[in-house]
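Below is one structure, written out as structure tokens, with a few remarks after it.
What follows draws every value from the coordinates through simple rules; no lab data is involved. This structure is a prediction, so every number in the text was calculated from the model and none was measured. Note that we place each Cβ from the backbone using ideal geometry, even for glycine, and neighbour counts take in every protein chain shown.
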Amino acid sequence: MAITGTVLYLLFILAFIIHDGEEIAMEHKWLLAHGDALCEKHPKLRRMLNHLRQMNAKAFAIAVLEELILLVAITVYVIWGGPYAIELWTAVFIAFSIHLIVHIGQSIVVKSYVPGLLTSILLLPFSYLGMQSICNTFSSIQLLLWGVIGLIIIAANLAFAHWFGIKMTK
């Protein structure tokens with residue numbers, strides 16, 4: 001069973017809200033409790049963990065809100081039928097799906113819960129159904145291309161959103 005069209009687009013917004021809600025609720029407290037031990041055990045993560053510790057819950061929530069606004073704008077654009085809208089939406093959906101898998105991988109590496117793990121597991125079936133629909137639309141080469149583009153867009157926007165969240169709370 002594949003999910004198609006507007007239903008998939010709108011469910012993606014809901015999935016994002018649910019997943020990032022878990023991250024907002026847990027991220028700051030979890031980092032305060034586990035950040036030092038993670039830095040000791042995984043020194044290569046120190047720079048990233050120190051950056052994330054700079055973000056209080058309010059700064060993180062502002063960053064997530066910025067990401068949500070972007071996702072809603074992309075969703076409106078795809079429903080409206082703009083040029084390359086499906087490709088843009090696909091790029092972001094692929095990046096989000098990879099993001100879910102990353103949380104699961106993080107949990108395996110640290111051998112513990114990480115913020116976002118619970119909803120990542122719960123959203124895997126949705127991600128699979130969405131990817132199934134996408135795979136019926138695009139070739140393998142196109143999927144790879146849009147996946148890479150999505151990761152670049154999300155990484156760049158994530159850096160901006162974190163900067164913005166920190167800036168707005170200082």
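Hey, what number do you get for the chain at 222 nm if only DSSP H runs of n ≥ 4 count, each worth -39500 (n - 2.57), divided across all residues, to the nearest 500? Numbers along the way, then the final one.
Numbers: 6 runs with 144 residues, N = 170.
Computed mean residue ellipticity for the chain: -30000 deg cm²/dmol.
Which loop-located trypsin sites (Lys or Arg not before Pro) does region 36-134 contain, where loop means any DSSP state but H, G, I, E or B and the Cβ has at most 13 other Cβ atoms within 10 Å? Present the calculation step by step, with values, prior to reporting the outcome.
Numbers: sites: K41, K44, R46, R47, R53, K58, K111; in loops: K111.
In loop regions of region 36-134 (DSSP not H, G, I, E or B), the sparsely surrounded trypsin sites (Lys or Arg not before Pro) are K111.
Expressed as an acute angle from 0 to 90° and rounded to the nearest 10, what is the orientation of the C-alpha long axis of helix 57-80 relative to the principal long axis of the chain?
10 degrees
For region 22-38, what does the Karplus curve 6.51 cos²θ - 1.76 cosθ + 1.60, with θ = phi - 60°, yield as ³J(HN,Hα) per residue in whole Hz, taken in order and with x for Gly and Pro?
4, 4, 4, 5, 10, 3, 5, 4, 5, 5, 4, 6, 10, x, 5, 5, 5
Below 15 angstrom from the Cβ of H42, what's the summed charge of the other residues (Lys, Arg +1; Asp, Glu -1)? All intermediate terms of the calculation are to be shown ahead of the outcome.
Numbers: positive: K41, K44, R46, R47, R53, K111; negative: D36, E40.
So the surrounding residues net to +4.
Within 13 Å, Cβ to Cβ, of I13, how many net charges do the neighbouring residues add up to if Lys/Arg are +1 and Asp/Glu are -1?
Details: positive: none; negative: D20, E67.
Taking every other residue near I13 into account, the sum is -2.
In terms of Cα to Cα distance under 17 Å, which aspartates and glutamates are near enough to K29, apart from those fewer than 8 places away along the same chain?
K29 reaches D20.
Points 7 angstrom from Cα along the Cβ direction at M131 and M168: gap in nanometres?
3.1 nm
Quick one: what Rg and Dmax do you get for the chain from the alpha carbons, in Å?
16.5, 49
Listed here are the pairs K41/K111; K44/K167; K41/K170; K44/K170; K58/K167; which of them are more than 19 Å apart at the Cα?
Values: K41/K111 11 Å; K44/K167 26 Å; K41/K170 31 Å; K44/K170 27 Å; K58/K167 11 Å.
The answer is K44/K167; K41/K170; K44/K170.
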